[in-house]
1. Rounded to the nearest 500 deg cm²/dmol, what is the calculated helix-only ellipticity per residue at 222 nm for the chain, with -39500 (n - 2.57) per DSSP H run of length n ≥ 4?
2. What's the magnitude of the charge dipole for the stretch 73-207 around its Cα centre, counting Lys and Arg as +1 and Asp and Glu as -1 at the beta-carbon? Answer in Debye, nearest 20.
3. Report relative contact order for the stretch 91-238 in percent, whole number only (criteria: Cα-Cα under 8 Å, sequence separation at least 6).
4. For Cα pairs less than 8 Å apart in space and 6+ apart in sequence, what is the mean separation divided by the residue count of the stretch 191-295, i.e. the relative contact order in percent?
5. With a point put 7 Å past each Cα toward its Cβ, work out how far ALA115 is from ASP250 in nm, to one decimal.
6. Determine which residues of the stretch 199-221 fall in the zone a paramagnetic label at GLU267 would reach in this model, i.e. backbone nitrogen under 17 Å from the point 7 Å along Cα→Cβ.
7. Which entries of LYS111/LYS294; LYS256/LYS294; LYS22/LYS133; LYS126/LYS294; LYS22/LYS111 have Cα-Cα distances beyond 25 Å here?
8. For the chain, what's the relative contact order in percent, using C-alpha pairs closer than 8 Å and at least 6 residues apart?
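Only the coordinates and a few stated rules stand behind these numbers; no lab work does. For clarity, every value in this text was computed on a predicted model and none was experimentally measured. Positions of Cβ are backbone-derived with ideal geometry, glycine not excepted, and every protein chain shown enters the neighbour counts.
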Amino acid sequence: MNTPGLGHCGRVALVGRPNVGKSTLLNALLGTHLSIVSPKPQTTRHRILGVSTLAGGQIAFVDTPGLHRGARRALNRSLNRAVHAALGEVDLIAHVIEAGRWSDEDAAVYKAIAAERLPRVLVINKIDRQRDKSALLPFVARLSEEHSYVAVLYASALRGQGLDELRAQLLQRLPEGAPQFDVDDITDRSERFLAAEMVREQLMLRLGDELPYSTTVEIEQFSERADGLAEVHAVIWVEREGQRPIVIGDGGAMLKQVGSGARRAMERLFGRRVFLQTWVKVRAGWSDNEAELKRFGYTD
């Protein structure tokens, strides 16, 4: 056990509307691909904790699903509950928005976090997309006048801009104390959980606009062979029989692509070889069934 000494230590929630870049930002801050990412909104479905141990202390980032307005399906309501549960276990809230954009969804997120008795910072992400940086000045001035933040910080997760300053500013706003995690820890999630996420990431990247939201992944087996190989058996669940052949693809081509991409991602993250087998099965209406959501690990 190699635990760093006293310093500023605590948890920071990354909160924002869907598709604002929270997971990309988490991965950039950690320097590793922990939280899955795709261009589609609602990619993140779970709270993902990522640990960054620094010279002056330790930050445990909590990546949250995007807050949904008017959530009608049980899955969306579950994701909203996960966000509110995360806010109950952190020391600081980082409200992530996109440079130059403040939507009704961003306003709804602010309303939710303003109800918490926690300090909050505004993190303006995707600054690389803002060609005229001077245009940000009135935008930030208006937000600062109309909302209460202890700081406004800037970053480009994609380009790696502003990350050192962002970490430093967040760290100094955390309480002093002992770290919760070993210096080598990057998350509290199991490899079994992460394996399911790697498969789901490939589904989000490779399937059409709607189908990924009807899929979830369950790991039926995660074992270690004598030669150090990780053997993973994953079931991809869909909601309708007609969705199954789409995920499998012509001659199994789509399922092979998903499996190959997920296996490579697992090997990079786990640091060892992986043998992955995948199956596609049907579980009707799972995304709007509270009992099924609990079975698949969508809990608060």
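1. My calculation for the chain gives -10000 deg cm²/dmol from helical runs alone.
2. Taking the Cα centre of the stretch 73-207 as origin, the dipole is about 600 debye.
3. It comes to 16 percent, rounded to a whole number.
4. Working: 157 pairs, mean separation 31.7, N = 105.
Averaging sequence separation for qualifying contacts and normalising by length gives 30 percent for the stretch 191-295.
5. Those two pseudo-labels are separated by 5.0 nm.
6. 199, 202
7. LYS111/LYS294; LYS256/LYS294; LYS126/LYS294
8. Answer for the chain is 21 percent.
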